[in-house]
Every structure is written in C-alpha cells, then in structure tokens.
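Notes to accompany the following structure.
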Amino acid sequence: MNNTRYIRLDNAYNFREIGGISTSSGKKFRSGILFRSDELSKLSLSDRRIFEGLGIKSIIDLRGVKEREKKQDRIPKNLEIDIRNIPIDHKNQDLKQIQFFLFLIQKSKDFDFEKYIREHYFGTAFECTPQIKEILTYLSDEGNLPSLIHCTVGKDRTGFLAALLQLLAGVDRQTITEEYMATNKYIGPRVKQIVRMIRILSLFRASIEQIQPLLEVRSDYLNNVIDELYRRYGSVENYLVEGCGMEIA
C-alpha cells in the first residue's frame, strides 16, 4: 500500500485516495479523482486548506438523515461542491437508531455484534443496489470528479464502495484487501469515541471484547461479500448490470 495516498488531517482520520494504485493488467487506477474518508464535521482551518487544494467537485455522503443531522460536514463555504446524500440504508441499518439503543440496554449481553456487521455488508451489497447504481452513475460523469465518498467512520459502507470501485478498475484482490484493512491503522481516535459511546449507552453491559467486531475491519467481512458477489454474478460488471441495473457501455 502506498502511504503517500493517505492525506493526514487534524480532525478526519481515514482520508485517502481510492485510486493511484496499479491494476492487475499493469495499468494505473487514475490518481486524484476519487477519495474516501470518515465524517467531516470537525475539520480544522488547516484541514479545510488541504481539502480545498484537492479540487474536489462533489461529495457523496452515505450516512442516513439522523447521522448527518448530528454531524454536518464542515466544508469551506467558498467552494462550489455538489453534495449528494445517498444513504446506504437497509433493514439491518435500522439497528443504528432507536432499536440499537434498546438492544444495548436490554440485550447487549446476548447480542451477536459480529453477525450483525456481517449482515450489514451483505445488506449493503445486495439490498442497496439502487443506491449503488446511483453512486456509480454519478461518478461516471467526468464533470463530477474529483469526488469524495464518506460515511461516519469511513470503514464499512465507504470501505465496500471503495473496494467495488477498485474491483471495477481491475485492481487485484490482495491489494484491495490491503487497502481495506488499512482502515484499522487510521481510525484509532475514532474507535475510542465509539467504545465510550457504546459502553455508556449499554449501561456498561456490553464488554469491549463483545463489541470488537464494530470497532475494526476484518478481511473476511469484505472478502465474504465479494465472494458471494462473484458466486451470484460471475463478475463485478455483471453485478452492476444484472444486480444494480446499470448500463455499461
């Protein structure tokens, strides 16, 4: 993994390029056009200057309405950026709202967080196909680039989208997995916040060990859903056409 593609900011921890890496055919996934990150609600003045220098024309925000209301992106007001809210929501996502609090308080000792996060990936890939189509159709317009894709932590929803784009560009699976796993290196400060929040909301009934699946990315989270994508459709192109309804020239 090329660390020069990581963009160090004061108050966003998982900001980096999706492109700028070699494909299986020896070509290069174009650099400077696609970025990924966690939420952008606390960008410092220095962060905003760096952000402005990237020339980003659009932002695709994968968060739901409640998430966005709590932490609105803090983007330089002088920039004319098209912000597209395309929530990656599916039935498993409901747990992040009122049900999540109830589960934490009432059933946290028995709740299988690992099963939940695995189902979250499958829900993203196979229930959110209209959103996938909308996102990739939007990104196919050169006028919308450079573009940034982000969610709250930039690890699961954003991680899957980044991997999908890299697959489509012809990046090999090992490199894609390494790129995905790099999130664990960068989100330490954000994880501490999540641990504190969940521990408090569960009235300290949920142990750190129990909630660990929510605090990191694991290679099999991503690879299991990609394997299933290939099992169902044979290729990422077929997935986009048959599963998502896209038209690929």
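The values are calculated or read from the model by the stated rules, or taken from the named source; none is laboratory data. Quantities reported herein were computed from a predicted structural model and do not represent experimental measurements. Every residue, glycine as well, gets a Cβ built from its backbone with ideal geometry; the counts of neighbours run over all protein chains shown. Ligands, DNA and RNA are excluded from the accessible area calculation, which covers all protein heavy atoms including side chains. Shrake-Rupley method; radii C 1.70, N 1.55, O 1.52, S 1.80 Å.
Some values worked out for this structure:
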read-out: Segment residue 207-residue 65, extension gain: residue separation times 0.36 nm, minus the distance between their alpha carbons; value: 48.3 nm
read-out: Accessible area in square angstrom per residue, the chain, 1.4 angstrom probe; value: 48 Å²
read-out: Potential extension, residue 175-residue 80 segment - 0.36 nm per residue separation minus Cα distance; value: 30.8 nm
read-out: Options 165, 197, 72, ranked by Cα towards positive dipole end of the chain, top entry (Cβ charges); value: 197
read-out: P(r), alpha carbons of the chain - 5 Å bins starting at zero, rounded %; value: 1, 6, 13, 18, 20, 18, 12, 8, 3, 1, 0
read-out: Flagged links, alpha-carbon separation over 26 Å, of 66/115; 42/115; 27/115; 28/71; value: 42/115; 27/115; 28/71
read-out: Extension gain from residue 197 to residue 216, taking 0.36 nm per residue of separation minus the Cα-Cα distance; value: 5.3 nm
read-out: Assigned charges on the beta-carbon of Lys, Arg, Asp, Glu; the chain dipole about Cα centre (debye); value: 900 debye
read-out: Net +/- balance of residues flanking residue 141 in space, Cβ distance below 11 Å, scoring K and R +1, D and E -1; value: -1
read-out: Positive dipole terminus of the chain, leading residue within 210, 44, 233 (C-beta point charges); value: 44
read-out: Environment charge of residue 126, counting only residues whose C-beta is closer than 9 Å and scoring Lys/Arg +1, Asp/Glu -1; value: -1
read-out: Reachable aspartates and glutamates, given that their alpha-carbon falls under 15 Å from the alpha-carbon of residue 77 and they are not under 8 places away in the same chain; value: 47, 52
read-out: Expected 222 nm ellipticity per residue - DSSP helices of 4 or more, -39500 (n - 2.57), all of the chain, to 500; value: -12000 deg cm²/dmol
